[in-house]
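J.: This structure is in structure tokens; I'll ask about it shortly.
What follows draws every value from the coordinates through simple rules; no lab data is involved. Note that this is a predicted model, so its numbers are computed, not measured. Reconstructed Cβ throughout: ideal geometry from the backbone, glycine too, with neighbour counts over all protein chains shown.
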Amino acid sequence: MAHDHTHVQEFFGSRAAGWDARFPDDGPAYAAAVADLGLRPGDAVLDAGCGTGRALPPLRDAVGVRGTVLGVDLTPEMLDEAVRAGRHAAGQLLLADVSRLPVRSSVLDAVFGAGLIAHLPRPHENLRELARVVRPGGRLALFHPLGRAALAARQGRRITDEDLRAESNLRPLLAGSGWRLESYTDEDSRFLALAVRHS
């Protein structure tokens, strides 16, 4: 996909109404990835590129009623679907660009990003912006409910050496953006890279 915000908005905007119906079985994978993020009651977490908000309920469950859950997405239609699904009850939804988050520096404990990295227009700068809003020692989860090979097969393409989700590409990208890769999982059933913000 072209790394252009207008293209991203058009792509997701035109698919928003049927998005959840296309992926009805992803809920347990989202819940498991959120659990691996290691959130605690009272934590503040951002779902970056939240789409229809599928991660918001497990994020709310993890941080409890005293915690803060923010969902940010660039596409109004996706946020509308999150509201229709009732997921806005689990967190505050914001129409915003992850490259310029309307969040103060070092106030969050974690960021969750499902399917996010493939749609970042400037990955280095965008991951640095995510690091800006997280306190030192805070965590980042880059997640997809399919691993790289399974996703490529579903999309009818081959994995290339330029794939940002390859560990050999992702580790230095994160390191140069304020993060340290802590664990990396790439299986057919899921992709999950967990990173910690440099102190």
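J.: Classify region 103-199 from the C-alpha gyration tensor, please: rounded if a/c falls under 1.5, else prolate or oblate depending on whether a/b exceeds b/c. Can you show the working numbers first?
T.: Numbers: a/c = 2.09, a/b = 1.93, b/c = 1.08.
The shape class here is prolate.
J.: Of ASP163, ASP80, ASP109, which has the largest mean-square fluctuation in a 10 Å C-alpha GNM of the chain?
T.: Result: ASP163 has the largest fluctuation of those listed.
J.: Would you give the gap between the C-alpha center of region 78-124 and the C-alpha center of region 136-184, rounded to a whole Å?
T.: Taking the Cα centre of each part, region 78-124 and region 136-184 sit 18 Å apart.
J.: For LEU94, which sequence-distant residues (separation of 5 or more, or a different chain) have an amide H within less than 5 Å of its own amide H, given hydrogens modelled in the peptide plane?
T.: GLY71, VAL72, ASP73
J.: Tell me, what is the FRET efficiency for ALA96 and ALA118 to the nearest 0.05, using R0 = 22 angstrom and their Cβ-Cβ distance as r?
T.: Numbers: r = 19 Å, r/R0 = 0.86.
It comes to 0.70.
J.: For a test of the definition: using alpha carbon positions, the gyration tensor, and the 1.5 limit on a/c, classify region 104-147 as rounded, prolate or oblate.
T.: Working: a/c = 3.03, a/b = 1.47, b/c = 2.07.
Because a/c hits 1.5 or more and a/b fails to exceed b/c, region 104-147 counts as oblate.
J.: Tell me the relative contact order for region 58-176 as a rounded percent, counting alpha carbon contacts under 8 Å between residues six or more apart. Display every interim value, and only then the final one.
T.: Values: 119 pairs, mean separation 24.6, N = 119.
21 percent.
J.: Just ALA85, ALA32, ALA153 to compare: in a GNM of the chain, with alpha carbon springs under 10 Å, which one fluctuates most?
T.: ALA153
J.: Quick one: grab the alpha carbon gyration tensor of the chain, order the square roots of its eigenvalues as a ≥ b ≥ c, and give me rounded if a/c is under 1.5, else prolate or oblate depending on whether a/b is larger than b/c. Don't jump to the answer; show the numbers that get you there.
T.: On the way: a/c = 1.31, a/b = 1.04, b/c = 1.26.
Rounded, because the longest to shortest axis ratio a/c is under 1.5.
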